[in-house]
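Trainee: Got a structure for you, written out below as structure tokens; questions coming shortly.
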Amino acid sequence: MLALKKLALAALFAVSALPLGGLARAAQPPAQAPAFTGIEKWLNSEPLDLAALRGKVVLVDFWTYTCINCIRTLPYVKSWHEKYKDQGLVVVGVHTPEFAFERSTRNVQDAIKRFGITYPVAQDNKYATWEAYRNVYWPAFYLVDKQGRIIYTHFGEGQYKETEAMIQQALAQPAGG
């Protein structure tokens, strides 16, 4: 039991020590992106399927509307959506609640309107997609290439120029690989 408590404490320290600029890494080797699963409701869109999005670059953004770090990333995410949607970028916000009141579809819809989000938002109240990605952070970006592989991740705030450069690089790649 003591070992389990020490492990939990170490994990808590690791998360609290996350630098303000967040963490970024390129996936080595690229892993296939998990499907959107267990989504309770799709907002701003009909249901999306990653397999059907092959040939497009997909930015999966795990967020929740009361997370200050998520709120601070929204201007960048919205900008990337506007700037690159006609070049093949699809931004998908996966809203995964931290608190019980964030499970309310009405509250999420109000937040989407308040923040001016126009890209698709998947309401992941059961954490099914969150768990499929083995995600543990808000916000978390997963960049999926045209072949459906995760080629870049970033956790937390910051690294906006680097993330945008990875989006540009992924969009420049041919659809066939």
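The values are calculated or read from the model by the stated rules, or taken from the named source; none is laboratory data. Being a predicted model, the structure only gives us computed values, none of them experimental. Positions of Cβ are backbone-derived with ideal geometry, glycine not excepted, and every protein chain shown enters the neighbour counts. Areas reflect the complete protein model, heavy atoms only, side chains present, ligands, DNA and RNA absent. Shrake-Rupley method; radii C 1.70, N 1.55, O 1.52, S 1.80 Å.
Trainee: Just subtract the alpha-carbon distance of residue 132 and residue 86 from 0.36 nm times their residue separation and send over the number in nm, one decimal. Write out the running numbers ahead of the final one.
Mentor: On the way: separation 46, 0.36 × 46 = 16.56 nm, distance 2.84 nm.
Extra length available between residue 132 and residue 86 comes to 13.7 nm.
Trainee: Assigning unit charges at the beta carbon (Lys, Arg +1; Asp, Glu -1) and nothing else, what dipole magnitude in debye, to the nearest 20, does region 124-177 show about its Cα centre? Could you put the intermediate results ahead of the total?
Mentor: Numbers: 5 positive and 6 negative charges, 33 e Å.
Dipole size: approximately 160 debye.
Trainee: Roughly what percent of Cα-Cα pairs across region 75-164 reach past 21 Å? Present the calculation step by step, with values, prior to reporting the outcome.
Mentor: Values: 1363 of 4005 pairs.
More than 21 Å apart: 34 percent of the Cα pairs in region 75-164.
Trainee: Carbon and sulfur together cover what percent of the accessible area of region 113-165 at a 1.4 Å probe radius?
Mentor: Values: 1130 of 2150 Å².
Summing carbon and sulfur atoms, their accessible area is 53 percent of the total for region 113-165.
Trainee: Also: What pairs in 78/161; 83/113; 85/161; 41/161; 126/161 have C-alpha atoms more than 26 Å from each other?
Mentor: On the way: 78/161 14 Å; 83/113 20 Å; 85/161 18 Å; 41/161 32 Å; 126/161 32 Å.
From 78/161; 83/113; 85/161; 41/161; 126/161, over 26 Å: 41/161; 126/161.
Trainee: In debye to the nearest 20, how big a dipole does region 41-172 give about its Cα centre with +1 on each Lys and Arg Cβ and -1 on each Asp and Glu Cβ? Kindly include the intermediate steps, with their values, before the conclusion.
Mentor: Details: 16 positive and 14 negative charges, 31 e Å.
It works out to roughly 140 debye.
Trainee: For region 41-172, what's the relative contact order in percent, using C-alpha pairs closer than 8 Å and at least 6 residues apart? Working shown, then result.
Mentor: Details: 215 pairs, mean separation 47.9, N = 132.
36 percent.
Trainee: Could you give the accessible area per residue of region 41-172, probe 1.4 Å, as a whole number in Å²? Please list the in-between numbers first.
Mentor: Working: 5760 Å² over 132 residues.
Computed with neighbouring chains in place, this is 44 Å² per residue.
Trainee: Given the options 133, 155, 173, identify the residue whose Cα lies farthest towards the positive end of the charge dipole of region 130-176 (+1 on Cβ of Lys, Arg; -1 on Cβ of Asp, Glu).
Mentor: Looking along the dipole axis, the top candidate is 173.
Trainee: Taking every pair of alpha-carbon atoms in region 44-98, what share in percent sits in each 10 Å bin, from 0 to the bin with the longest distance?
Mentor: 22, 51, 26, 1
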